[in-house]
Amino acid sequence: MTEERPGVETDAYNFAYLDEQTKRMIRRAILKGVAIPGYQVPFASREMPMPYGWGTGGVQVTAACLTPEDRLKVIDQGADDTTNAVSIRKFFERTAGVETTEHTTEATVIQTRHRIPETPMTEDQILVYQVPIPEPLRFLEPRETETRKMHGLEEYGLMHVKLYEDIARHGEIATAYAYPVKVEGRYVMDPSPIPKFDNPRLESPALQLFGAGREQRIYAVPPYSKVVSLDFEDHPFDPSKADHPCALCGAENTYLDEVIMDDAGGRMFVCSDTDYCATRQAEGHRGAQSAPFTEAAE
Amino acid sequence: MSTPATPLLQVRDIRKTYGARIGCTDVNFDLYPGEVIGIVGESGSGKSTLLNCLAGHLAPDAGEILFNTRADGLKDTLKMSEPERRMLGRTDWAFVHQNARDGLRMGVSAGGNVGERLMAVGARHYGNIREQAIDWLDRVEIAEDRVDDRPGAFSGGMQQRLQIARNLVTGPRLVFMDEPTGGLDVSVQARLLDLLRGLVREMGLSAIIVTHDLAVVRLLADRLMVMKSGHVVEAGLTDQVLDDPQHGYTQLLVSSVLQV
């Protein structure tokens, strides 16, 4: 990977920042993760030039997956233009020199924080999640030795205790993000803090990789894996969302952000996936509060 | 009781040492279905070590613990695989800790605590789990409107009763109790003992109770083992041992009880 590339300071950085041995180590962890869907593979996470919580795990997984031919998209809460997304995109532009894009359909590798893009993924894409806490049982059982044993022996009753507590306290399963799932009928997995609205789309043709930098874990959901959200027979899983259409593009079936407009109760709901929303608007879809089409065209 | 078929638990030559020190050694006994056995002795006599060995919390250095499993009959729990042993721990066995906080999840409501074992063995219907939890809270005399309170909001006696409900909800056949009444005041103790005696008789439980309180074993236990320095120095029917102690240490123990 030492060929000269225009605009890349090859002397300063190895391709995609990490050295080849590190990338090899991460790829081995990824392969193991793919072989055992949902299983948390420990790996020797490196210090990255960004703080923990900014996606150091995702960045390392992305770095290990990138090839010079890849086209990278980075989203944070669905948006391409937030600090986290912009800085990680810039990071790989500088250290790998790969093309970047904001369009889901054009990307081959998508690093994401807290969302799955609305546009359906394809078999040619890799989705990399940034994971803060990979252990779904952590808040119920703080001992890592014990939670590992529980995963090993498939003792997942405790996960339902959490859901039971939700119903007892709130009348319904109030867990709205990081909703636990069972992968391929075996491992219970934290899908990272994506809204539970996205859970059904974890069954995807794309390869999904999860990287937790601080916790030093990598796990994976291979394409077309069976992913079931946990629930009770009398309280089935409900991938809920705000009951509004998008105010900008009018989409009825997307996950929405609530935007506070003033201090008098004014608010609007817009797609959290900015690329999906912008694409729809370019196609002529209009929501209740979008700019009139004629003015925009002038 | 006419001759019971097979013992529920057979303990053979259990030994556990901590380096050169003896935890417990040469322990042998049979426990029959519906029988309650008491283990008494002073602090450091090895009774808790023995209980932890029996319940699978500690690995003994030598010996056999044969449990009459529902599926396969008598089986050495020490030779079982870990998943099997943990499954037993969730279904046929129960362990009541001295300190209720060790046996409860303090961050989870009373109903969740009782329901955990049900969910651990596959219950997935919220309504049924909750119904059973409330039923069990009622059986240990905890009001239904406390079902969503966390154990931290309960008194010591209530916590202990909650722990018992949590353990008995899956209908175990063998209960291990480590000083179940320790740290409770006498009136609460009396109520708890009353409750325990009722549940043990009603459900036909077998139990092994470790305690240093002779009054507790007099009330609950059919048979008694007295331990000293890791050895069982005397064993027999509870009333027989307490009324006519043979071993010097047992005589000392019985005569040490304070009279009111």
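The values are calculated or read from the model by the stated rules, or taken from the named source; none is laboratory data. Here the structure is a predicted model, which means the values were calculated and not measured. We place every Cβ from the backbone using ideal geometry, glycine too, and count neighbours over all the protein chains shown.
Among residues of segment A:30-50 that are within 13 Å of A:V61 (Cα to Cα), those with a beta-carbon under 8 Å from a residue that is hydrophobic (A, V, I, L, M, F, W, C) and part of a loop (DSSP other than H, G, I, E, B) at least six positions away or on a different chain give the pairs A:R46/A:L18. Residues in segment B:216-256 that are without any contact (Cβ under 8 Å) to a residue 24 or more places away in the chain and of a type in the set (G, A, S): B:G236, B:G248, B:S255, B:S256. Looking for something closer than 29 Å to B:L31 by Cα and hydrophobic (A, V, I, L, M, F, W, C) - is there at least one such residue anywhere in segment B:144-158? No, there is no match, as no residue in segment B:144-158 is closer than 29 Å to B:L31 by Cα and hydrophobic (A, V, I, L, M, F, W, C).
Step by step: first the residues of segment A:142-156, then only those that are in a loop (DSSP other than H, G, I, E, B) and more than 20 Å from B:A123 (Cα to Cα), then the one that is farthest from the other protein chains (Cβ to nearest Cβ). Which residue is that? Spell out how you get there, then give the answer.
To start, the set of residues in segment A:142-156 that are in a loop (DSSP other than H, G, I, E, B) comprises A:142-143, A:153-156.
If we keep only those that are more than 20 Å from B:A123 (Cα to Cα) as well, we get A:142-143.
Working: A:P142: 10, A:R143: 13 Å.
Across segment A:142-156, the extreme among qualifying residues is A:R143.
I want to confirm something. Restricting to segment B:30-43 and keeping residues that are in contact (Cβ under 8 Å) with a residue 24 or more places away in the chain and outside any loop (DSSP other than H, G, I, E, B), which single residue is farthest from the chain's Cα centre (by Cα)?
Keep residues of segment B:30-43 that are in contact (Cβ under 8 Å) with a residue 24 or more places away in the chain, which gives B:31-43.
Subsequent filtering for residues that are outside any loop (DSSP other than H, G, I, E, B) retains B:31, B:36-41.
On the way: B:L31: 13, B:V36: 9, B:I37: 9, B:G38: 9, B:I39: 10, B:V40: 13, B:G41: 16 Å.
Only one residue tops the list, namely B:G41.
With respect to the conditions (1) touching a Lys or Arg at 6+ places or on another chain (Cβ under 6 Å); (2) of a type outside the set (S, T, N, Q); (3) more than 17 Å from A:T274 (Cα to Cα), A:E146 falls short on a single one, namely (1).
For segment B:148-162, the tally of residues that are crowded, with 16+ Cβ neighbours inside 10 Å, without any contact (Cβ under 8 Å) to a residue 60 or more places away in the chain and away from chain A (no Cβ under 14 Å) stands at 5. Only residues that are in contact (Cβ under 8 Å) with a residue 60 or more places away in the chain and either facing chain B (nearest Cβ under 10 Å) or in contact with a Leu (Cβ under 6 Å, 6 or more places away or on another chain) (or both) were counted in segment A:122-141, giving 2. Within the span defined as segment A:121-131, one or more residues are closer than 21 Å to A:K226 by Cβ, assigned by TED's automatic domain parsing to the domain that holds A:E69, at pLDDT 95 or above and surrounded by fewer than 18 Cβ atoms within 10 Å (Cβ to Cβ).
Considering A:V74, A:V59, which residue is modelled with pLDDT of 95 or more, surrounded by 23 or more Cβ atoms within 10 Å (Cβ to Cβ) and within 20 Å of A:A278 (Cβ to Cβ)? Within the list A:V74, A:V59, the selection yields A:V74. In the set (1) among the small types (G, A, S); (2) assigned to a helix (DSSP H, G or I); (3) assigned by TED's automatic domain parsing to the domain that holds A:V131, A:S204 fails one condition alone, (2). Looking at (1) out of contact with any strand residue (DSSP E or B) (no Cβ under 6 Å at 6 or more places or on another chain); (2) under 24 Å from A:D273 (Cβ atoms), which is the only condition A:R186 fails? For A:R186, the exception is condition (2). Restricting segment B:130-147 to residues that are outside any helix (DSSP H, G or I) and more than 13 Å from chain A (Cβ to nearest Cβ), the residue that is surrounded by the fewest Cβ atoms within 10 Å (Cβ to Cβ) is B:A143.
Would it be correct to say that A:I88 is in contact (Cβ under 8 Å) with a residue 60 or more places away in the chain and assigned by TED's automatic domain parsing to the domain that holds A:R27? Steps first, answer last, please.
On the way: in contact (Cβ under 8 Å) with a residue 60 or more places away in the chain: no; assigned by TED's automatic domain parsing to the domain that holds A:R27: yes.
No, not satisfied.
Taking the condition of a type outside the set (K, R), surrounded by fewer than 16 Cβ atoms within 10 Å (Cβ to Cβ) and modelled with pLDDT under 90, does B:D61 pass? For B:D61, the condition - of a type outside the set (K, R), surrounded by fewer than 16 Cβ atoms within 10 Å (Cβ to Cβ) and modelled with pLDDT under 90 - is not met. Only residues in segment A:157-184 that are more than 10 Å from chain B (Cβ to nearest Cβ) and farther than 17 Å from A:D234 by Cβ count as the first member; pair them with residues that are part of a loop (DSSP other than H, G, I, E, B) and among the acidic types (D, E), Cβ under 8 angstrom, at least 6 apart or cross-chain, and list the lot. Pairs found: A:A178/A:D190; A:P180/A:D190.
Considering every residue within segment A:236-255, establish whether at least one is surrounded by fewer than 17 Cβ atoms within 10 Å (Cβ to Cβ), farther than 18 Å from A:A288 by Cα and either in contact with a Leu (Cβ under 7 Å, 6 or more places away or on another chain) or within 14 Å of another protein chain (Cβ to nearest Cβ) (or both). Yes, that holds for at least one residue. Looking only at residues of segment A:34-55 that are buried (at least 23 other Cβ atoms within 10 Å of the Cβ) and modelled with pLDDT of 95 or more, we find that the one that is farthest from the chain's Cα centre (by Cα) is A:F43.
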